[in-house]
Amino acid sequence: MIPACPLRSLPRGEAFRLDVEPPIAVFHTEDGEIYAIDDTCTHQDASLADGWLEGCEVECPLHASKFDLRTGQVDAPPAKLPVRTHRVVVEDDTIFVVPSDAPANLPPGVAVRCQGAA
Amino acid sequence: MRTVAVVGASLAGLSAARALRDQGYDGGLVLIGDEPHRPYDRPPLSKEFLAGRMSEADLALETETEDLDATWILGAAAEALDPGERAVRLGDGRSVRADAVVIATGASARTLPGTERLSGVHTLRTLDDARALRADLAGAGRLVVIGAGFIGAEIASTARTLGLHVTLVEPASAPLAAAIGAEMGAVVAGLQAGQGVEVLCGTGVREVTGTARAAGAPRVDGVILTDGRRVPADVVVVGIGARPGVGWLAGSGVDVGDGVLCDATGATTLPGVIAVGDCAAWFDPAAGSHRRVEHWTGAVRRPAVAVRALLAGASAGSGSDIRPPEPPYFWSDQCGTRIQFAGHARPGDEITVEEGSLADRSFVAVYRRGDRPVAVLGIDLPRPFTRWRKRLAADALRSPAPAA
Ligand SMILES: Cc1cc2nc3c(=O)[nH]c(=O)nc-3n(C[C@H](O)[C@H](O)[C@H](O)COP(=O)(O)OP(=O)(O)OC[C@H]3O[C@@H](n4cnc5c(N)ncnc54)[C@H](O)[C@@H]3O)c2cc1C
Ligand code: FES
């Protein structure tokens, strides 16, 4: 379980990027739900925390793929693969993330870069 | 409607085919493309693919499980559209009858007259072009890029990361000036120079020179500029824009100007024929004129609008649910930065930095005409950029276009 940020520092409608490898995006929806998904779009190298949050969906800031925050599924192309979702725990006014142990669907250029750095 | 033929099997054609199926069309669907390849994505050709960070398989636009229930005719060019028969005639003699036709033939790279006889001179539009350029750059030391539009500027930047000595030559006063204006273009010139690209603006090319070889075509060896300077080169890329693929429409009754002339929903002058993507010049109510938009996002989003009008039939043309097209949007990756732009810039627009700073090379700048925001540029600040882009789109929807 990784501490992400204090709950009060993440108002509704906002997102936070957790700098783990690969990074995780934490969203606080207008309805008050908190979700965590992989931050890197599965299409190309863009940060979903920078995206456009609408309901339970985030639109990628680069080519407008849409991902369902609850399931990670692609709701609109060009992305073809889902992002992973991560479990969120809120304790003592702090948001914690439990990273998924499934393999991440990193986009082509990024996957090569991460492997190269390893 | 029993059969729809889509001519041009790339981004806009595929998006139109998807839109037809998404919107419930269940008749015959034929996609015709002159390239031998399944639809692939072009933007990486000047970026990740050229740099070797993306493979050909990564460029595929279709998903593995996607099934459009379509007939694909690849490697065959459409040569004519016969309005009477409502048939697309192919170069190999075949003919495809269709009740409706989607024109999605894109654009092809402009060439520099006189350079065709030289080896080592490239343009970049197709996968085959990109393979050839990538192979040629691998053994080269010096690259000259003629034209600092998006594709030229991106190739210059990618080639720098590959270790080449790069000169970027542009007759206008700054890179990307036609799209983002000279003032912000100068910022991009700074990014390019900072990365080690030699940027020569305000000068054209008088001649591309070559050396005769024992066998084969003469090999390019340099460029002579209009001011008389000579720049040596092992490889030259010509990035001077693209020409819409409309030649095959001659005699079809489809009106053509700079691209296929369409109304604000993509309908051409021939009933049952629509045009989308880089080849299409849709009427823009806000500008009061036709405008050809050559960006990826337009090729993805506009087909759904055109297909809706097509399926609704003639009644759609006067419908009240016709929305003005959303402001064009594009991105460009160069010099390790991400450039994003939405809207239309014109000389004389007032430009203010709304967030970040020019000095940090990370900012959002808004272009205003009168008091009205008309365009937004973002450099490495995607979040505030996206907010401005959404705002421009909402403004465009809300305020009716000025009467033409
Ligand atoms: C190197 C490069 C980098 C780019 N980078 C960006 C970017 O960073 N951001 C951005 O927004 N946009 C970018 N673009 C632009 C974007 O790729 C285009 O807007 C998009 O490809 C347009 O799609 P289209 O289907 O309309 O046309 P095209 O992709 O040109 O496809 C048209 C297809 O029709 C075929 N065709 C033509 N004539 C015929 C015929 N008579 N019969 C049958 N088939 C025919 C062509 O061979 C082609 O396959 C880039 C383009 C290139 C070339
Ligand atoms: S990078 Fe997210 S849609 Fe392309």
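The values are calculated or read from the model by the stated rules, or taken from the named source; none is laboratory data. The model shown is predicted, which means the values in this text are computed figures rather than measured ones. Virtual Cβ from ideal backbone geometry, glycine too; neighbours counted across all protein chains shown. When the accessible area is computed, the model is the full protein with side chains, heavy atoms only, and any ligands, DNA or RNA have been set aside. Shrake-Rupley method; radii C 1.70, N 1.55, O 1.52, S 1.80 Å.
Within segment B:138-158, how many residues turn out to be surrounded by fewer than 22 Cβ atoms within 10 Å (Cβ to Cβ) and within 23 Å of the chain's Cα centre (by Cα)?
Step one: list which residues in segment B:138-158 are surrounded by fewer than 22 Cβ atoms within 10 Å (Cβ to Cβ), which gives B:138-142, B:149.
Within this subset, residues satisfying the condition of being within 23 Å of the chain's Cα centre (by Cα) are B:149.
Residues that pass the stated criteria total 1.
So if I check each of B:Leu74, B:Leu31, B:Leu59, which one is under 23 Å from B:Gly245 (Cβ atoms), touching a strand residue (DSSP E or B) at 6+ places or on another chain (Cβ under 6 Å) and within 16 Å of ligand 2 (Cβ to nearest atom)? I'd like the intermediate steps shown before the answer.
On the way: B:Leu74 fails: within 16 Å of ligand 2 (Cβ to nearest atom); B:Leu31 fails: within 16 Å of ligand 2 (Cβ to nearest atom).
Result: B:Leu59 is the single residue among B:Leu74, B:Leu31, B:Leu59 that is under 23 Å from B:Gly245 (Cβ atoms), touching a strand residue (DSSP E or B) at 6+ places or on another chain (Cβ under 6 Å) and within 16 Å of ligand 2 (Cβ to nearest atom).
All conditions in (1) outside the structural domain of B:Gly152 (by TED's automatic domain parsing); (2) open to solvent by less than 20 Å² (accessible area, probe 1.4 Å) hold for B:Leu311, with the sole exception of (2).
The set of residues in segment B:154-207 being free of Cβ contacts under 8 Å to residues at least 24 places away in the same chain and basic (Lys, Arg) consists of B:Arg206 alone. Among the residues of segment A:63-80, which ones are away from ligand 1 (no atom under 16 Å from the Cβ) and either under 15 Å from the mean Cα position of the chain (by Cα) or crowded, with 21+ Cβ neighbours inside 10 Å (or both)? Those that are away from ligand 1 (no atom under 16 Å from the Cβ) and either under 15 Å from the mean Cα position of the chain (by Cα) or crowded, with 21+ Cβ neighbours inside 10 Å (or both): A:Lys66, A:Phe67, A:Asp68, A:Leu69, A:Arg70, A:Thr71, A:Gly72, A:Gln73, A:Val74, A:Asp75, A:Ala79.
Restricting the search to segment B:6-30, which residues are aliphatic (A, V, I, L, M) and either closer than 17 Å to B:Gly272 by Cβ or out of contact with any Phe, Trp or Tyr (no Cβ under 9 Å at 6 or more places or on another chain) (or both)? Within segment B:6-30, B:Val6, B:Val7, B:Ala12, B:Leu14, B:Ala16, B:Ala17, B:Ala19, B:Leu20, B:Leu29, B:Val30 qualify. Confirm whether A:Gly116 is at pLDDT below 95 and either more than 9 Å from every other protein chain (Cβ to nearest Cβ) or part of a strand (DSSP E or B) (or both). Against the criterion (at pLDDT below 95 and either more than 9 Å from every other protein chain (Cβ to nearest Cβ) or part of a strand (DSSP E or B) (or both)), A:Gly116 qualifies.
Name the residue that is most open to solvent (accessible area, probe 1.4 Å), counting only residues in segment A:34-57 that are in contact with a strand residue (DSSP E or B) (Cβ under 8 Å, 6 or more places away or on another chain), part of a strand (DSSP E or B) and more than 10 Å from ligand 2 (Cβ to nearest atom). Per the criteria, the residue is A:Trp52.
Just checking, does segment A:19-26 include any residue being open to solvent by less than 20 Å² (accessible area, probe 1.4 Å), within 27 Å of B:Arg42 (Cβ to Cβ) and within 14 Å of ligand 2 (Cβ to nearest atom)? Looking through segment A:19-26, none of the residues is open to solvent by less than 20 Å² (accessible area, probe 1.4 Å), within 27 Å of B:Arg42 (Cβ to Cβ) and within 14 Å of ligand 2 (Cβ to nearest atom). Inspection of segment B:2-11 finds a residue satisfying the criterion of being within 12 Å of chain A (Cβ to nearest Cβ) and either within 13 Å of ligand 1 (Cβ to nearest atom) or assigned to a loop (DSSP other than H, G, I, E, B) (or both). When segment B:55-90 is filtered for residues that are open to solvent by 10 Å² or more (accessible area, probe 1.4 Å), within 14 Å of ligand 1 (Cβ to nearest atom) and part of a loop (DSSP other than H, G, I, E, B), the ones remaining, listed by number, are B:Leu61, B:Glu62, B:Gly75, B:Ala77.
Looking only at segment A:65-77, decide whether some residue is within 19 Å of B:Arg383 (Cβ to Cβ), within 12 Å of chain B (Cβ to nearest Cβ) and modelled with pLDDT of 95 or more. Checking segment A:65-77: at least one residue is within 19 Å of B:Arg383 (Cβ to Cβ), within 12 Å of chain B (Cβ to nearest Cβ) and modelled with pLDDT of 95 or more. Mind counting the residues in segment B:307-333 that are away from every other protein chain (no Cβ under 14 Å) and at pLDDT 90 or above? Counting residues in segment B:307-333 that are away from every other protein chain (no Cβ under 14 Å) and at pLDDT 90 or above gives 6. Residues that are assigned to a helix (DSSP H, G or I), within 8 Å of ligand 1 (Cβ to nearest atom) and open to solvent by 20 Å² or more (accessible area, probe 1.4 Å) within segment B:12-52 comprise just one, B:Pro43.
Can you name every one of the strands (runs of 3 or more DSSP E) wholly within segment B:334-392 that holds 1 or more residues which are touching a residue at least 12 places away in the same chain (Cβ under 8 Å), more than 13 Å from chain A (Cβ to nearest Cβ) and open to solvent by 50 Å² or more (accessible area, probe 1.4 Å)? In segment B:334-392, the matching strands (runs of 3 or more DSSP E) lie at B:350-357, B:362-369, B:372-379.
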